[in-house]
Amino acid sequence: MYTTPQLLEQLNTYISKFSFIREPRTLYEPIKYVLSNGGKRIRPVLMLMAYNLYKENIAGAYAPATAIEIYHNCTLLHDDLMDKADIRRGKKTVHKIWNDNIAILSGDAMLVLAYRYMEKCPPEYLNEILELFNETVLGICEGQQYDMDFEQRNNVTETEYLEMIRLKTAILFATGLKIGGILGGASSEDADNLYNFGIRLGIAFQLKDDYLDVYGNSLIFGKNLGGDILSNKKTYMFIKALECANEFQTDELKKWLKVSNYDPQEKITAVINIYNQLEIKRICENKIQEYYTKALDDLEAVTVDSVKKIELKSLAQYLMRREL
């Protein structure tokens, strides 16, 4: 079985061979920039690992794994624009280096490129895979819209938030794993269990991401801390804080949602102080562990030798212990 570093090396080699010979360069240079920034490439690695559960030679999954990575970066490019984010993976975002319009167009082009690579799947699997991928792309758009809608609401529930991150984040984990299983020859039951594993792992991953935005190290995390607080994002921690807060703390949290003229660091510090008073850090850690444990149960249900699942378990464990 391949390890995460081995799969990442092979995937990076495959992606590094990209050549954009089309014009205009101003459309394709941002794409090259985004894809060359590396990152963890978690989603395509998960796909390759799922494929590797059933087949030793993983070359047949390079193209769809690349499709997943291109599409994921397309969403990040657009997300950064919508969130007005300046930094991604420790580097300037596309709209900061170029401009908003180029970020939109380059992201659109990446979506088409993702489909081109996904279409390289064997014809006997193509309809099923494209149907799954189509549903995933649409679901991610729905999740992003929910995320933006929530910025204007002060009554977002935990259930609504978890559904939003299922759509926005988790289904791409799940889809990559399921496609890897399908292409590898997994049974329908195994493919579904891989999908469920991805959903729960993806939710735990996003909860961890939200957690690190508050309690991480900005130098390690690769972007400024407190961005979700400044953007009035209704994260799991903010929702739980409103749920647990006393009257004074509730008024304080809602005040920071409404105020338009403020010192950014003052707002971040004030909200985090309330989180600390309410032990939101511990509550979030417990929720992350809950989904992580359920994810491992789904992986355990996949009917291949336990030894073959070691690398998937190791990657899942790393994602929960990460600091970036």
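The values are calculated or read from the model by the stated rules, or taken from the named source; none is laboratory data. Remember, predicted model here, so these are calculated numbers, not experimental data. FYI the Cβ positions are ideal-geometry reconstructions off the backbone, even for glycines, and counts take in every protein chain you see.
Scan the range 196-212 and tell me whether some residue there is touching a residue at least 12 places away in the same chain (Cβ under 8 Å), more than 19 Å from Arg41 (Cα to Cα) and surrounded by fewer than 16 Cβ atoms within 10 Å (Cβ to Cβ). Looking through the range 196-212, none of the residues is touching a residue at least 12 places away in the same chain (Cβ under 8 Å), more than 19 Å from Arg41 (Cα to Cα) and surrounded by fewer than 16 Cβ atoms within 10 Å (Cβ to Cβ). Looking across the range 145-156 at every residue that is of a type in the set (Asp, Glu) and in a helix (DSSP H, G or I), the one that is farthest from the chain's Cα centre (by Cα) is identified as Asp149.
Of all positions in the range 132-141, none carries a residue that is without any contact (Cβ under 8 Å) to a residue 60 or more places away in the chain, in contact with a strand residue (DSSP E or B) (Cβ under 8 Å, 6 or more places away or on another chain), in a helix (DSSP H, G or I) and closer than 28 Å to Leu27 by Cα. No other residue among Phe205, Phe173, Phe238 is outside any loop (DSSP other than H, G, I, E, B), among the aromatic types (Phe, Trp, Tyr), modelled with pLDDT of 95 or more and over 17 Å from Ile140 (Cβ atoms) apart from Phe238. Here the condition is being in contact with a helix residue (DSSP H, G or I) (Cβ under 9 Å, 6 or more places away or on another chain), within 19 Å of Cys121 (Cα to Cα), of a type in the set (Asp, Glu) and at pLDDT 95 or above; of Glu29, Glu56, Glu69, it holds for Glu69 alone. Residues that are loosely packed, with under 14 Cβ neighbours inside 10 Å, without any contact (Cβ under 8 Å) to a residue 24 or more places away in the chain and either acidic (Asp, Glu) or under 30 Å from Arg88 (Cα atoms) (or both) within the range 290-324 comprise Thr293, Asp297, Glu300, Asp305, Gln317, Arg321, listed in sequence order.
Residue check: is Thr159 farther than 30 Å from Arg25 by Cβ, among the β-branched types (Val, Ile, Thr), in a helix (DSSP H, G or I) and without any contact (Cβ under 8 Å) to a residue 12 or more places away in the chain? Criteria met by Thr159. Leu172 meets each of the listed conditions (1) out of contact with any His (no Cβ under 8 Å at 6 or more places or on another chain); (2) in contact (Cβ under 8 Å) with a residue 40 or more places away in the chain apart from (1).
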